[in-house]
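S.K.: Quick one: structure below, then a few questions.
Every read-out reported here was derived from the displayed coordinates using simple, explicitly stated rules and does not represent laboratory data. This one's a predicted model, so the numbers in the text were calculated from it and none came from an experiment. Cβ placement follows ideal geometry from the backbone for every residue including glycine, while neighbour counts extend to all protein chains displayed.
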Amino acid sequence: MLLLLALACAEQAPVEAGLAAGATAQAIEALPSKPPQVESQREAAADTPDAPSGTEAVLALLAARHVDDLPPREVIDSHGDGQAILQYVAEFHPGMVEAERATLLLASYPASTEFCLARAQADIHPKLQAAGLRCVVGRELSEAQLQVAQDALASDDPRLQSAAQVLLSAQPSP
């Protein structure tokens, strides 16, 4: 108890010294301008296309507590065009968890290969790029498509490197 009292007194000493020295608060003439990122996010939101029918229902499913509880393709397809919904969420939804899960679930849609590889190359968070690579694990890819994984190996981010290693190791030997 005495130790706490001593610490409290020691912390109060610099405050009292500042007050004794005549330190005063300075008036704020104007608020700082908003960071440019906020404006660009608003502009991006204005350019966002309308969500496909069924997106809200699929978003609720993507909010599952555990990855093991994510729905299979049949359940997603029961809410509309499953691939279009997942691609929309992966590209335009602001939540990273939902975007990552949507990208991973696109693995059930073979026609999503180009979309997933484009996500792996996009200027987005490395976790979402890695999801794009993991989406295509097990698919037969061309040399040009495999180059995306080769480029990811050179990344500084270990999540991207790991996803690229998994993708490349799953490819059949030539």
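S.K.: Let me have the relative contact order for segment 36-174, percent, based on Cα pairs under 8 Å that are six or more residues apart.
M.R.: Value for segment 36-174: 16 percent.
S.K.: Lys and Arg at +1, Asp and Glu at -1: add these up for the other residues within a Cβ distance under 10 Å of Leu133 and post the number.
M.R.: Working: positive: Arg119, Arg134, Arg159; negative: none.
Every neighbour counted, the sum reads +3.
S.K.: Each label point is 7 Å from the Cα along the Cα-to-Cβ direction; what then is the distance between the points at Gln121 and Ala84, in nm?
M.R.: Placing both labels 7 Å beyond Cα along the Cβ direction yields 2.5 nm.
S.K.: Can you give the extra length, in nm with one decimal, that the chain gains between Glu140 and Leu153 once fully stretched, where that is 0.36 nm per residue apart less the Cα-Cα distance?
M.R.: Gain on stretching Glu140 to Leu153: 2.8 nm.
S.K.: Determine the gain in length on full extension of the stretch Arg65-Ala111; use 0.36 nm per residue of separation and subtract their C-alpha separation, reporting nm with one decimal.
M.R.: Values: separation 46, 0.36 × 46 = 16.56 nm, distance 2.79 nm.
Gain on extension, Arg65 to Ala111, equals 13.8 nm.
S.K.: If you take the beta carbon distance between Ser162 and Arg73 as r and set R0 to 35 Å, what does 1/(1 + (r/R0)^6) give as a FRET efficiency, to the nearest 0.05? The partial results should precede the final answer.
M.R.: Details: r = 25 Å, r/R0 = 0.72.
Calculated value: 0.85.
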